[in-house]
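Here is the structure we will look at.
Each value in this text was obtained by applying a stated rule to the coordinates, not by laboratory testing. Note that the structure is predicted; figures quoted are calculated from it, not measured. Cβ placement follows ideal geometry from the backbone for every residue including glycine, while neighbour counts extend to all protein chains displayed.
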Amino acid sequence: MLVALFAALVLLCYSAGNIHCVVAVHGNDSDMLALLEFKDAIGDDPAGVLSSWNKTTPFCRWNGVKCGRREHRVTALELAGQNLTGRLAAASLGNLSYLHLLDLSGNRFSGQIPRLNSLRKLQVLNLSNNILDGIIPDTLTNCSSLTQLDLSINLFQGQIPLGIGLLSELSDLVLSRNYLSGHIPSELGKLSKLSSLDLSVNIISGEIPRALYNLSSLRMLFLEMNFLGKSLPSNIGYALPNLQWLLLGVNMFQGNIPGSLGNISQLHLIYLSENNFSGQIPSSLGKLSNLSVNLQYLLLDGNNLSGHIPSNMGNLQQLTQLDLSYNNLKGKMPPSLGNLQRLVSFNLSNNNLQGDIPSKFGDLQQLVWLNLGNNYLHGEVPSSVANLQQLVLLDLSHNNLSGKVPRSLGNLPKLRQLDLSHNNFGGKIPSSLANLRQLSRLDLSYNSLKGFYA
C-alpha cells in the first residue's frame, strides 16, 4: 500500500509541468517502508509485539529490529515465538537488502516463501515451526552468504532443491518435519563446511548418496523416520570422523552395522532402531570407551541382529541408554554390562537370551527402566535387584524364571510398573509388595503363586 502511494506521488510530480518536485526514497527509508508493509500483512499479533512499529518511533528501535551502526540499515529481524499470523510479503522482506539474520520461527505464518533472492548478505534464515507450504524455492540459492537455513516443522512438499548445493558457506541445514519427497541430492556433498544436516521425519527415499560421505566436517546427521534404504558403507567411520550424532532410525537400511563406527572418536549417540540391519553387533563399538568423549546412547532395537552381545560393551561406562530389544540376540547376558553404572534405561527384551540374570546388574543404581521380558532367562531373580532404588519399571515377564518372588522388591520406593507374568515363580506373594505406594501396574499372572507371605 505504501509503496503504491509513493509510486502515485512520483507520477504526480512528473505531471506537474513546471513544478519542480523531487521524491527520493533513501535506503533507510526503504527499510522502514518494507517493515511497515510486512506489518500490514500480519493478520493477528496477540502479544502486541508490533505495537511499537509506527512512524513516531525510529524503526531501528522497533521490537525485533536491529540496525547497523554505520548505515542505519536493518541487519536483523527477530520475531521468534510471537504467534504472529499472516503471510510473508515478498516486496517487504525481499527489499531488506542489508539483512544478515531473519528469524520468524515459532509463529503461524502461512503460504509460500516469498522471493528473497536479493538478500545476498543474509547469513541466518529461520522460518521453522510455522505452517508454510508449497515447494522450497530455488531462489534461496541466491542468498549466497547463508550459513544457517532452518525450514523445519512446516508443510513443505516436493524435492530438496539441487541448488542448495551452491550455498558454499552453509554449516547448518535443517529441513526436518515436512513432507519432502524424492532422493537426497548428491549436490549436498559440495557443502564442504556443513556440520549439521537434518532431513528427518519426511518421506525421502532412496539411499544416502556417496557424495555425502565426503563431508568430513559433519558433526550431526539426522535422517531418521524416512524411507531410506540399502546398506551403509563399511568405511563410514573413516569418512565421517567428526560425527557426534548419528540418527538413522525408522528407515529401511539393511546389511551389517559397519564396524568402523568404533573409530569415530566423538560419537555421543547412535540411533539405528527399526531398520533391517542384520549380522552381529560390532565388538568395535567397545573401543569408544577409550576415547575422551564416550558414547551415551546406543539404540539398535527393532532390527534383525543376531549372535551374542559383545562383552566389551561393558566398557562403555558413559552409556545412559542401551536398547537392543526386538532382535534375535542369543546367549547369556554379559555380567560386564553391570559396569554401565550411568545407565538410566536398559532394554534387552524380545530376544532369545538365556541364562541367569547377572547379580552384577544390581550395581546399576541409576537405572530407572529395566526390561528383560520375552526371552528365555531362567534361575532366580537376584537379591541385588533391591539396590536399584531409582527403578520405575521392572519387566521380567515371559521368561523361565523360578523360585520365590523376592521380598526385597517391596523396597523399591519409586516402582510404578512390575511385570513378572508368564514365568515359573512359586510359593507365596510377598506382602512387602504392599509397600510400593507408587505402583500403578502389577502383573504376576501365569505363575504358580498362592497366598501371601510376610
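What the table shows:
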quantity: HN-Hα J in Hz across region 338-347 - Karplus 6.51, -1.76, 1.60, θ = phi - 60°, x for Gly and Pro; calculated: x, 7, 7, 6, 9, 4, 10, 10, 9, 10
quantity: When the convex hull of its Cα atoms is projected in every direction, mean area for region 143-183 (nm²); calculated: 2.9 nm²
quantity: Region 323-453: mean projected area of Cα convex hull, nm²; calculated: 6.7 nm²
quantity: Region 21-160: antiparallel DSSP beta bridges as a percent of all, rounded to 5; calculated: 25 percent
quantity: Residue pairs, from the table Lys230/Lys330; Lys66/Lys121; Lys121/Lys193; Lys193/Lys230, whose Cα atoms sit over 20 Å apart; calculated: Lys230/Lys330; Lys193/Lys230
quantity: Options Ala47, Gly373, Ser171, ranked by Cα towards positive dipole end of the chain, top entry (Cβ charges); calculated: Gly373
quantity: Equivalent ellipsoid dimensions for region 294-392 as semi-axes, Å, which come from the Cα gyration tensor, largest first; calculated: 18, 16, 12
quantity: Percent antiparallel among DSSP beta bridges (both partners in the chain, rounded to 5); calculated: 5 percent
quantity: Once the Cα gyration tensor of region 118-231 is diagonalised, semi-axes √(5λ) in Å; calculated: 20, 18, 12
quantity: Amide H within-cut-off set for Gly331, under 5 Å, with H built and near neighbours excluded; calculated: Gln354
quantity: In region 69-171, trypsin sites (Lys or Arg not before Pro) in a DSSP loop with at most 12 other beta-carbon atoms within 10 Å; calculated: Arg69, Arg70
quantity: Under the Karplus curve 6.51 cos²θ - 1.76 cosθ + 1.60, θ = phi - 60°, whole-Hz ³J(HN,Hα) for region 150-158, x wherever Gly or Pro sits; calculated: 10, 10, 5, 6, 9, 10, 5, 10, x
quantity: Residues with amide H under 5 Å from that of Gln280, placed H, sequence gap 5 or more; calculated: Ser306
quantity: Computed [θ] at 222 nm, deg cm²/dmol, the chain (DSSP H ≥ 4; -39,500 (n - 2.57); rounded to nearest 500); calculated: -2000 deg cm²/dmol
quantity: Exposure proxy ranking, count of Cβ atoms within 10 Å, fewest first, for Ile429, Ile281; calculated: Ile429, Ile281
quantity: The chain: translational diffusion in µm²/s, Stokes-Einstein, Kirkwood Rh over Cα pairs, 20 °C, 1.002 mPa s; calculated: 83 µm²/s
quantity: Nearest 10 degrees, 0 to 90: helix 2-14 Cα axis against the chain principal axis; calculated: 10 degrees
quantity: Angle in degrees between helix 27-40 and the longest Cα principal axis of the chain, rounded to the nearest 10; calculated: 60 degrees
quantity: Restricting region 25-132 to GluC sites (Glu not before Pro) in coil, as DSSP defines it, with at most 15 other Cβ within 10 Å; calculated: Glu71
quantity: Charge dipole magnitude, Cβ of K and R +1, D and E -1 - the chain, Cα centre, debye nearest 20; calculated: 860 debye
